[in-house]
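Colleague: Submitted below is the structure of interest, expressed as structure tokens.
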Amino acid sequence: MPHDVPLINSSVPHSARIWNYWLGGKDCYEIDREVGDQIRELNPEIVHIARAQRAFLKRAVTYLAGEVGIRQFLDVGTGLPTFDNTHEVAQRIRPEARIVYVDHDPIVLAHATALLTSTPEGATDYIDADLRDPAAILEGAGRMLDFDQPIALMLLGIAAHVPDDSAYGIVQRLVDALPSGSYLVFCDSTEVFHPKEMRAMVAQWNQASDNPRVNRSPEQLARFFDGLELLEPGLVSVAQWRPAPSEAGTAVEDEPEAEDELRKAEVDPQEVDSFGGVAHKA
């Protein structure tokens, strides 16, 4: 469906574009690279966190589409398309899978065409909406997803941008709308392994951006799963969530460097300051 593309402010950094830069993408501006480099100086682990989080997404979607048979995904705060996006992973396993992406960054909307690629059997769509407006997300998603059938709700690294306790109610509102048999895939930043660097990163980000964020403790992150059944191994550093067998990280000949690095992250057990998990709604 057509979308009106708003003006993009290239003078203000944005998390989706900075994350794209750390993942090796090209869809970012000089201000995003500048702030991204500043944050990486304060916290050299941040690139590894970004790649470990993307690898977690791939493993979680692979499990849900493959072993569980989930055919519907609602990916909120999707960011810019890079490598192994939700629809690509899901539709490789379930060609009939339907995916709705949600983001409110104008540059993501401008790249919606790339996101909206789909298998003939399945479908993808993009909603221009903010996590803080769950009603708009649910209304838009309802145009493509069947809320009488299980849905996987993806919230990766996005709740940190709601720095107060209202984040819990927002996520609960989305989870409450899901039918029985649905799943929540969630992760966000912590201060467990490199607290000094993670705090410095957030301080730098909040000084440079108009989209503030916060780190939460694992105990605080666990509250997002209230009322749900966490699957094994529970809430853990995302690199520790069912890491892939080592042979899966073998580089493919002529594979772009960024894709090679993401494949390596799939099997890297190094613990990072992003904790996440997958939970079932009974």
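Colleague: Using a 1.4 Å probe and counting only protein heavy atoms, arrange Ser237, Ser217 so the residue with the most accessible area comes first.
Modeller: Output order, biggest surface exposure first: Ser217, Ser237.
Colleague: I'd like to verify something in the chain: which complete DSSP H helices, judged by Cα projection on the helix axis, reach 15 Å or more and average at least 0.0 on the Kyte-Doolittle scale?
Modeller: Sorted by number, the helices that extend far enough and score high enough are 46-63, 166-177.
Colleague: Let me ask something additional. At q = 0.10, 0.12, 0.13 Å⁻¹, what log₁₀ I(q)/I(0) does a Debye calculation on the Cα points of the chain give, no solvent, two decimals?
Modeller: Here log10 of I(q) over I(0) equals -0.47, -0.70, -0.84.
Colleague: Let me ask another. Going toward the positive end of the dipole of the chain, with +1 on Lys and Arg Cβ and -1 on Asp and Glu Cβ, which of His48, Ala123, Tyr183 do you reach last?
Modeller: Working it through, the farthest residue towards the positive pole turns out to be Tyr183.
Colleague: Test of understanding: given the chain, find the longest segment containing no GluC sites (Glu not before Pro) that are in a DSSP loop and have at most 11 other Cβ atoms within 10 Å.
Modeller: The segment 122-252 is the longest one with no such site.
Colleague: I would also like to ask the following. For Asp226, tell me the accessible area in Å² from a 1.4 Å probe, rounded to the nearest 10.
Modeller: 90
Colleague: A further question follows. Suppose every Lys and Arg Cβ carries +1 and every Asp and Glu Cβ carries -1, with no other charges. What dipole size does segment 98-206 come out with about its Cα centre, to the nearest 20 debye?
Modeller: 200
Colleague: Moving to a separate point now. With the calculation restricted to Cα positions, what are the radius of gyration and Dmax of segment 57-124 in angstrom?
Modeller: When restricted to Cα atoms, segment 57-124 yields Rg and Dmax of 11.3, 35 Å.
Colleague: Give me the Kirkwood hydrodynamic radius of segment 30-158, using the inverse of the mean 1/r over all pairs of distinct Cα atoms, in Å to one decimal.
Modeller: With all distinct Cα pairs of segment 30-158 included, I get 15.4 Å.
Colleague: Tell me, in nm to one decimal, what length is gained between Gln149 and Asn211 on full extension, where the rule is 0.36 nm per residue of separation less the Cα-Cα distance?
Modeller: On the way: separation 62, 0.36 × 62 = 22.32 nm, distance 3.38 nm.
Stretched out fully, the Gln149 to Asn211 stretch lengthens by 18.9 nm.
Colleague: Which loop trypsin sites (Lys or Arg not before Pro) in segment 41-141, with loop taken from DSSP, have no more than 13 other Cβ atoms within 10 angstrom of their Cβ?
Modeller: Counting only loop positions with at most 13 other Cβ atoms within 10 Å, the trypsin sites (Lys or Arg not before Pro) in segment 41-141 are Arg132.
The values are calculated or read from the model by the stated rules, or taken from the named source; none is laboratory data. What you see is a predicted model; the values in this text were computed from it and never measured. Positions of Cβ are backbone-derived with ideal geometry, glycine not excepted, and every protein chain shown enters the neighbour counts. The protein model used for the area step is the full one, side chains on, heavy atoms only, and it has no ligands, DNA or RNA in it. Shrake-Rupley method; radii C 1.70, N 1.55, O 1.52, S 1.80 Å.
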